[in-house]
1. Which count do you get for residues in the stretch B:142-157 that are within 12 Å of chain A (Cβ to nearest Cβ) and either within 16 Å of ligand 2 (Cβ to nearest atom) or assigned to a helix (DSSP H, G or I) (or both)?
2. Looking only at residues that are more than 13 Å from ligand 1 (Cβ to nearest atom), in contact with a strand residue (DSSP E or B) (Cβ under 9 Å, 6 or more places away or on another chain) and on the phi > 0 side of the Ramachandran plot in the stretch B:36-80, which one is nearest to the other protein chains (Cβ to nearest Cβ)?
3. From the list A:113, A:81, A:95, A:103, which one is in contact with a helix residue (DSSP H, G or I) (Cβ under 9 Å, 6 or more places away or on another chain), modelled with pLDDT of 90 or more and surrounded by fewer than 16 Cβ atoms within 10 Å (Cβ to Cβ)?
4. State whether one or more residues within the stretch B:181-191 are within 14 Å of another protein chain (Cβ to nearest Cβ) and either crowded, with 23+ Cβ neighbours inside 10 Å or within 16 Å of ligand 2 (Cβ to nearest atom) (or both).
5. Whether any residue in the stretch B:118-141 is within 13 Å of another protein chain (Cβ to nearest Cβ) and touching a strand residue (DSSP E or B) at 6+ places or on another chain (Cβ under 8 Å) is what I want to check.
6. For the stretch B:2-29, enumerate the residues that are touching a residue at least 24 places away in the same chain (Cβ under 8 Å) and at positive phi.
7. For the stretch B:147-162, what are the residues that are surrounded by fewer than 20 Cβ atoms within 10 Å (Cβ to Cβ) and more than 14 Å from ligand 1 (Cβ to nearest atom)?
8. Scan B:192, B:153, B:147 and give me the residue that is under 13 Å from the mean Cα position of the chain (by Cα), in contact (Cβ under 8 Å) with a residue 40 or more places away in the chain and at positive phi.
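The values are calculated or read from the model by the stated rules, or taken from the named source; none is laboratory data. Just so it is clear, the structure is predicted and the values come from calculations on it, not from any experiment. In this analysis, Cβ positions are derived from the backbone assuming ideal geometry, glycine residues included, and neighbour counts consider all displayed protein chains.
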Ligand SMILES: Nc1ncnc2c1ncn2[C@@H]1O[C@H](COP(=O)(O)OP(=O)(O)OP(=O)(O)O)[C@@H](O)[C@H]1O
Ligand SMILES: [Mg+2]
């Protein structure tokens, strides 16, 4: 006799990446080594594409002066603020249009029209409206994050299985109960995916935002590296972008796993 | 008593699914609704369940008009329709409200035990076989102690062995529940109707009407190979043939 716990079932702990990770590292590490050897052997002077040791040196120097952390934090702050705003707006709009046909008829056409505009095209206007400093940058990032979240959530709510909604109706759930007990869990996987694509776009747009005039941030390091002819600094900034992007995405994915363990998809059966 | 008075239903697309259905079902009675595909069986069940509104006509339970889903009426759908993000126990307890945690646990445990799945309380629905999942959905429907349980082809997706097993299981659970709930079982399967029902309602299509009612006066448990069973099967078959002839008119 089991003690019926009403708690979620336990699922086996997540597997360690193991041999898959080693296999995935083979190509980039191999290429880096080959390039390092080629420059060391004098086959290329490595001035336009510095070898890994030079890039590592630049990263280390930037780190030691504290500049790397400052720039990374500045960028992270912008992405965080823009992501927060974009997610908030996208969630509200997506929830409204997904749930209510009226809201959808009212809002969706306008939002779809706005979506057709390449987001970078807003830059001049945002600078006029919000100035050249933080506000315009955050606004641009928020716009980039907004659309995937909006579209993802709206589509997810609309495609919630009618059959499962009927189970809620049979048990006479009220509107809020239906949202909390049926719709929310049902859309969560798709919502998390849309958050992750939103975050990816946030990182893309922060670069554009920092190109439009910034005195700090990883994007500034890129521009600075180009203007002063320092390719190692550019690559160092690119690597920092990649690492931060990956870390934030993994954090998001990790934070959502406890809520998605029930998923019966391909990924849970490998 | 559940009463259907002059029930009709025309869908917005113009399909006249039901017309002039009259039915009285006593508490604790088991009624099987038998008929060909498209003759309105699911529509009828949805109207009783309150998922759709009849037009015209009305459904009353013990004299009270049913407008929309009601706590005294439970439903088992053709598919288990378990919520994949809840454990089996949480699924069974989905419709329990206003009860203390300990009381809920006891009811859920009891319901799972009655369908023979006490050991599956803490697994995800995806870890169940089709037959087990359907048993969980029966437990979910029974745990709120409905007076009337509607089952829409509950076993049709299962293999013959599991189906016979679950038919016996359903009867067992029904007999163990006090007071016994009314069961209305929609089915395509003549044997299933004869095994389960006190009364078989045979429908014919275009629009869906009641063609005939046949009482099943066999002792339980019913022997599927018995002569009387065979005789009844022949009788039901004849009426079903009649309803098909109507369709070809
Ligand atoms: N939501 C709907 N909208 C429009 N027409 C419908 C709808 N549901 C059912 N119908 C039509 O109503 C008629 C009766 O359908 P119903 O599903 O009640 O049949 P059924 O007897 O349950 O059939 P089956 O045995 O195949 O499940 C059919 O002609 C069907 O096309
Ligand atoms: Mg049907």
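1. Final tally of qualifying residues: 2.
2. Only one residue fits best here, namely B:50.
3. Exactly one residue qualifies, and that residue is A:103.
4. The answer is no; no qualifying residue exists.
5. Yes, the stretch B:118-141 has at least one match.
6. B:6, B:20, B:28
7. Residues satisfying the conditions are B:147, B:158, B:159, B:160, B:161, B:162.
8. B:153
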